[in-house]
Structure formats: C-alpha cells, structure tokens
Amino acid sequence: MLVDDEPANLILLEELLQLEGYTTVSALSGDEALSLARASRPDLILLDIMMPELDGFDVCDRLRNDKTLQTVPVIFLTALDDDTSRIRGLEIMADDYLTKPFNSRLLLAKVENILLLSKMRSQVVSSQFNQQVKEQSKRQIAAAWEANEYLSEKFHLFVPQQLLGRIAPQGIESIQLGNVTEEELTILFCDIRGFTAIAESQEARETFEWLNAFFTKMNDCITSHGGFIDKYLGDAIMAVFDQPNSHAINAIEAAVAMQESLQEFNAQRHKYNLEYPVNIGTGINTGIGMIGTLGSDRRMDSTVIGDVVNTASRLENLTKIYGCQIIVSENAIVHAREFLNNTSPNSKESLLLKCDLEAEKSKRMISTSHPTAADSDSPSNNYYYRWIDRVTPRGKQQAIEIYEIWAASSPDSQAKQLTQSLFDKGIQGWQSEKFVAALGYFQQLIQQNPADTVVSLYINRCQEKLGLIPTNISSEMS
C-alpha cells in the first residue's frame, strides 16, 4: 500500500513498484489508508508522514494498536530528515525510515528484504502453530480456497459475471473456444466527443487519470441499471443489458443516468486539467445477439456479436450528425414500451406509450413508474423521447426509425417540450414533401429554441430540397 497526499508521488511509486511485479493500492490520506488496510490487509505499507488531519506517525501508531494489522511492515518515506522524526518513527515501531528524494534501488532492496523477512517470520509462526498434520491440512485447504476466491475476484475484473455465466457455466476451468449462447438483449455504445484533441493537449498520465475516473462513473450508471461493460474501446464503451423483459428500458435509463453523471464529472473537470466539458454520444439498439468466446485456442476473448451490436454502433455515430446526446432504435423503444405496459398498465406513462408508434412518432415519454435502485435516492429521473428520422445506417440495407432521448434536466428540455406540437407539424410537412411549409415550421422552432440541433438539420434539408443551398448527402445514411 502506498500512502501520500501528493498524487504525483503516488504515480511515481506505482510505476516503480509495478515494473518490479508488485501489486499496489494507493491512498491519499491517513484515514483512507486505514480503511484500505482494514479491508485488504497489505503485505507492506510505504507511508508518508506530512499529511493533513492524520499524519503518518498517527497512522502507524493506530496500525500497531490494531490486532489485525499490528504486524504489517511499515516503511516511512518522508521529506523529514531530522533525528527527532527518525527516533519517533522507531518508537512507534516502524520497520524502516527513508527520506525523499529517495534512491530507487535502495527503496526496492528494502521493500524486497522486508517482505522476505516478513514472510520468513510468518512461516516460523505458522510452523509453530501447525504442529499437527490435520491442522496443517485445514489451513492449506483454506489458503487454496482463499487463493481461488482471490483469482476469481480478479478474473471478474476482466470478464463480467454475466458473461462468465454463459461462457463458463461450470466454472472458469470450463471456458473453451466456441462456447456461445444466442438471446435477445440491448446494446449501448458510448463515445467521447473530441477525445483526440483532448489527449493531444495532455500528458498521457493525465489522460489515463481522467479517463479512469470517467469510466468509473459510467460503469456505476450501467451496473446500477442491470447492465455490464463488455469492453472499453479506447475512449468508448460497449455495454450489454440482458435482464429478461427489461433490458431495453434499463439501457435507456442507464444512458440518461450517464448524461446526468457526466454533468457531475464536468463540474470537477479542472482537477483533471480539462479545460472544456467532456461530451458523449450514445447509441442504443435491441435485438438478437450471440454471446460467446471468439479467437483461437491460444488467445480468445469473450464478446457479443450480431447485427444488434453493429446497429447500436451506427446509432452512436449518428449522434454526431443530429447533434443528439442519445439516439435509440425503434426496436428499443418498442421493447421499452411493452415492458412499461406490462408492469404499469394503468400508469400515465403506460397510457402515453400505448399510442400507435407509426401514428405518433413524436410522442414524448416521461420516465418510468418503476424506480430502480439508482432512482430511489433521487427525486426524479425523468426523460423524454421524440421520433427524428427514418435512416439506413451505413452498411445496412433496411431503413430503421430512430428516436432522440433527452433528460428532463438537460438545458433545453423545457423548450423542446413546449415546441413539440410545432416540431410534429414540421416533421409531417417534411414527410409529405411540403417543404415550404415544413421550412416555415422549423424556422419558427429555431427562433424559439436555437439549441435544437435536429431542427437545424431539417432546416438545411428543406433548403436543399428547395434549391436554396447545395445538396449535402451524409455518408452515414441514405
């Protein structure tokens, strides 16, 4: 365990020790260090002294007075280079005392020696304690079980439990190439806008730091709504929602929660040296996918494949064209509507969702009346949707209906709601090829809500049809 209130010092120590094969955990304060130590009991603690609130001396003293942690080796690593501090360190039974700036080779040698000595002491105590073969066997079995649980826990960091249950139903040892199941599920793709420009303006370590903080927040939103992350694709996320019947509504609610969580992240972005707020686009699609192992006998991966995945990815790309935060397919909307009708047949939301989808493509949807665990602590998790287009995504032959979803908390949410009937008229004019009338409606809309990017897109389309501006055909749709 590494304890230092300076993040730069922690990064240096992490790199140094991890290159030598050590697994590290880090704490930025004394209180955090004690909590982590009680939770995981580290083999060795490298401890800074000068920290606010609870300094290193106090941390070491509390460790020595904790029966479960009093034998954990402690090396002070501090800028204090006076005899008084050294003597105090010895008095509270620290194992060693090194001053900054430290010699890397000396630090590594001391870490190795102290760990070896601690291991030898543990072996002596264990040998004395385990005199009888029966007791030794019990401890060996317990140790093996603990190691198996530890490996299993670590394995789950790379392969989510939902995936593991499908590709290895009889345990990790049953994993083999070609294990596959086919089922209906919902796929969510999320991508960071302008990531390349952000990364070019930062050091690599800074980029990794805020990316991991961002991914942690997004993962919390996904898992709390019954999904799991299949893979991280650099600056993007592919998530799978597989809970029977509710996977589409779960994905939609997760996407809305991700947008709201992003606002919290952006409020603290300056600590990650981010000059501008981070923006994301999200695509959601429901369909049949195949979950299984793919690759070769020597290198395989767990993944989800199928048209449901490809379409979700295309929808995420379309958010760039329409300027939307979330775009979902008709399949996802229909599945979510059916779930709400079945679970809340008399609710206001269900009554709205019973409308014929073809006749009411621009109807709004208010959040579900079945709060999830993530909703229970918040006053509201409302969101709305509207039909925005019928497109043929790149690489597909069939056209699909697509919908925009936005959170009720978004800045222009109220404006979109107030102008919904005008938007419907503009869309009806566009669909019936009455482009002059449609353009008039959309121009009224943009005056009332200049931030409505979908309306701006339709203004350009109408002007193209009327020959007012040159035609600009998107490569993403036909």
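The values are calculated or read from the model by the stated rules, or taken from the named source; none is laboratory data. Note that the coordinates shown come from a computational prediction; the quantities given were computed from them, not determined experimentally. We place every Cβ from the backbone using ideal geometry, glycine too, and count neighbours over all the protein chains shown.
Data table
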{"read-out": "Conditions (1) surrounded by 20 or more Cβ atoms within 10 Å (Cβ to Cβ); (2) more than 25 Å from Arg337 (Cα to Cα): number failed by Ala197", "value": "(1)"}
{"read-out": "Filter result (in contact with a Lys or Arg (Cβ under 8 Å, 6 or more places away or on another chain) and among the aliphatic types (A, V, I, L, M)) within the stretch 81-125", "value": "Ile92, Met93, Leu98"}
{"read-out": "The one condition in (1) more than 26 Å from Phe208 (Cα to Cα); (2) touching an Asp or Glu at 6+ places or on another chain (Cβ under 8 Å); (3) modelled with pLDDT of 90 or more that Glu53 fails to fulfil", "value": "(3)"}
{"read-out": "Hits in the stretch 99-111 - residues which are assigned to a helix (DSSP H, G or I) and touching a residue at least 24 places away in the same chain (Cβ under 8 Å)", "value": "Ser104, Leu107, Leu108, Lys110, Val111"}
{"read-out": "Scan of the stretch 1-16 for residues that are of a type outside the set (A, V, I, L, M) and either in contact with a strand residue (DSSP E or B) (Cβ under 6 Å, 6 or more places away or on another chain) or farther than 14 Å from Phe208 by Cβ (or both), ordered by number", "value": "Asp4, Asp5, Glu6, Asn9"}
{"read-out": "Filter result for the condition that a residue is more than 30 Å from Trp210 (Cα to Cα) and either among the β-branched types (Val, Ile, Thr) or surrounded by fewer than 17 Cβ atoms within 10 Å (Cβ to Cβ) (or both), over Thr78, Thr71", "value": "Thr71"}
{"read-out": "Close pairs from the stretch 260-289: first at pLDDT below 90, partner buried (at least 16 other Cβ atoms within 10 Å of the Cβ) and assigned to a strand (DSSP E or B), Cβ under 8 Å, at least 6 apart", "value": "Gly289/Glu184; Gly289/Leu185; Gly289/Ile187; Gly289/Val240; Gly289/Val304"}
{"read-out": "Any chance Leu439 is in contact (Cβ under 8 Å) with a residue 24 or more places away in the chain and farther than 20 Å from Ile321 by Cα", "value": "no"}
{"read-out": "Among (1) in contact with a Leu (Cβ under 6 Å, 6 or more places away or on another chain); (2) modelled with pLDDT of 95 or more, the one test that Tyr403 misses", "value": "(1)"}
{"read-out": "Glu358 being part of a helix (DSSP H, G or I) and at pLDDT below 85", "value": "no"}
{"read-out": "Answer from Ile198, Ile237, Ile222 - the residue that is modelled with pLDDT of 90 or more, assigned to a helix (DSSP H, G or I), assigned by TED's automatic domain parsing to the domain that holds Leu340 and touching a helix residue (DSSP H, G or I) at 6+ places or on another chain (Cβ under 8 Å)", "value": "Ile222"}
